[in-house]
Amino acid sequence: MRALIQAEWTKFRTVPGWVIGMAIGGVLIVAFGLLPGIQGSCGQPGSGSECVLPVGPEGQEVSDGFMFVHRPLSGDGSITARVASMTGMLPPGPNDDKMREGVAPWAKAGLLIKDGTTQGSAYAAVMLTGAHGVRLQHNFVHDKAGKPGPPGSARWLRLTRTKEKITAEESADGTTWTTVGTVTLAGLPQTVQIGLFVTSPQHAEGANESLGSFGSYGGPTMATAVFDHVTPVGSLTGTRIGGPANKYADELGGFEETGEGVFTITGTGDIAPAVGGPAGIGASISDTLLGTFAGLIMVVVISTMFVTAEYRRGMMRTTLAASPRRGRVLVAKAAVVGAVSFVVGVLAAAVVITLGQKVLRDNGAYVHLASTATELRVIVGTGVLLGVTAMLAVGLGALLRRGTTAVTVAIVTTALPYLLVMSVLPPTAGQWLLRIAPAAAFSMQQSLVEYEQVANLYLPVDGYFPLSPLAGGAVLAGWAVAALVAAACFLRRRDA
């Protein structure tokens, strides 16, 4: 087998067109990734950009904006209140310019203990949401459901601190209490801030989900909650924590004490992990890899021709005569182009991810942080995407034999589904296609994280895929294995 691979490698490297074609594939990935591309929507271009997100206690970027009516708590203690009502405003529809009445599904009103008022600091909160019932959330990424309850129903809430442990309770009548959960905030200082809060996140909706005409609309939302039976009341201070720079936060955010233990609070923003997409902000390292599509086409063309050229020139007979075990010849060809494509993908992705982030930041765009492990996974994943696709193309080339036909089928099979998903198909059809087509492997380039407690459209065009990176790669591998097995069967039965 080693001799076969060496022989196929010799064939490949001695044809300048194939070597140059693979190099062009890598250059395309780099070139598209280093174009000016995405322009920033906040901050100033360059390293001094102010478009920065706070980072939570566990290292994730977060949104931390809300109206907080609070007081200091030194040592242990608790706060109890009833969320008597919650109303809200949603962004204008696609054909309107006025906000609509309505409560965002993840609007939040409740009780919160926080390590000061600095954005990103540790916290625990029990809340009534717009459409997801009572929740216990802490440190931005942790979410636990309480009782669902009908939207708009009043709910009693209690939050108790015992050293570093925070216990959340809920009640329908203020008499019979149910524990939602207990969390531990490691390193919580002696004095914290405790009180009432209201916030309401960005809202995005899809529109015109039809062939080639899908769009989205949305914007900031606002929520107003009435709290009563607040105990202990004490002296409470209102603070607008962070939040989006929008007129609703500036003009409408605030609170009013309308009676003993009765507060009306209005807020906008979110206390949650930061995401990209229509309801989020910024770009990701995956946005630097837009050229992968162009590079993939070059890899598919070269890999297919690596097989069909031998049939066209009549060299395949000589190859099979020298190695009668035809399946091994096919495996050797797939191994050679797969390895070359993998190396091209890894090198190009490494360059683009390293330099492309600087290009985006120089445009004033915020680039979501990605750990070194994520960057390495995306780089290797890009190599796997190109390498396994090349193997699939070899199988199709051996099946179809004719160069033009094989190249056309290979491109339609591997590249066209991705193009359709990104520019033509409505999201529902596109996500279905990305579960079964070889293009599912583009999920190996995903670097953003989806969170159930953050409302967003989570579309492939924004870097979110329906399958995990491992599952997407498995779909592509399945296609490649199927093509190679079918090609090996036909190769044994047909004359060269």
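The values are calculated or read from the model by the stated rules, or taken from the named source; none is laboratory data. These figures come from a predicted structure and were not determined experimentally. Cβ sites come from the backbone with ideal geometry, for glycine too, and all protein chains shown count toward neighbours.
What is the number of the single condition among (1) under 23 Å from His368 (Cβ atoms); (2) at pLDDT 75 or above; (3) part of a strand (DSSP E or B) that Val275 does not meet?
Val275 satisfies every listed condition except (3).
I need the full set of residues from segment 397-420 which are among the hydrophobic types (A, V, I, L, M, F, W, C) and without any contact (Cβ under 8 Å) to a residue 40 or more places away in the chain, in order please. So that I can check it myself, show each step before the final result.
Keep residues of segment 397-420 that are among the hydrophobic types (A, V, I, L, M, F, W, C), which gives 398-400, 406-407, 409-412, 415-416, 419-420.
Once the filter is applied, which keeps residues that are among the hydrophobic types (A, V, I, L, M, F, W, C) and without any contact (Cβ under 8 Å) to a residue 40 or more places away in the chain, segment 397-420 yields Val409, Val412, Leu416, Leu420.
When segment 442-477 is examined, which residues are found to be of a type in the set (Val, Ile, Thr), under 18 Å from Ala370 (Cβ atoms) and out of contact with any Gly (no Cβ under 9 Å at 6 or more places or on another chain)?
Quick first cut of segment 442-477, residues of a type in the set (Val, Ile, Thr) only: 449, 454, 461, 475.
Still in the running and under 18 Å from Ala370 (Cβ atoms): 449, 454.
Within segment 442-477, Val449 is the sole residue that qualifies.
Looking only at segment 101-121, how many residues end up being small (Gly, Ala, Ser) and surrounded by 24 or more Cβ atoms within 10 Å (Cβ to Cβ)?
Final tally of qualifying residues: 4.
What number of residues within segment 221-258 are touching an Asp or Glu at 6+ places or on another chain (Cβ under 8 Å) and either among the aromatic types (Phe, Trp, Tyr) or at pLDDT 80 or above (or both)?
3
Considering only segment 267-281, I want to know if a residue exists there that is free of Cβ contacts under 8 Å to residues at least 60 places away in the same chain and out of contact with any helix residue (DSSP H, G or I) (no Cβ under 8 Å at 6 or more places or on another chain).
Checking segment 267-281: not a single residue is free of Cβ contacts under 8 Å to residues at least 60 places away in the same chain and out of contact with any helix residue (DSSP H, G or I) (no Cβ under 8 Å at 6 or more places or on another chain).
Given the criterion farther than 27 Å from Ser200 by Cα, of a type in the set (A, V, I, L, M), in contact (Cβ under 8 Å) with a residue 60 or more places away in the chain and in a helix (DSSP H, G or I), identify the matching residue among Leu491, Leu470.
Leu491
So the check is Cβ under 8 Å with 6+ separation or different chains; which pairs have a first residue in segment 297-310 that's among the charged types (D, E, K, R) and a second one that's assigned to a helix (DSSP H, G or I)?
These pairs meet every condition: Glu310/Met316; Glu310/Thr319.
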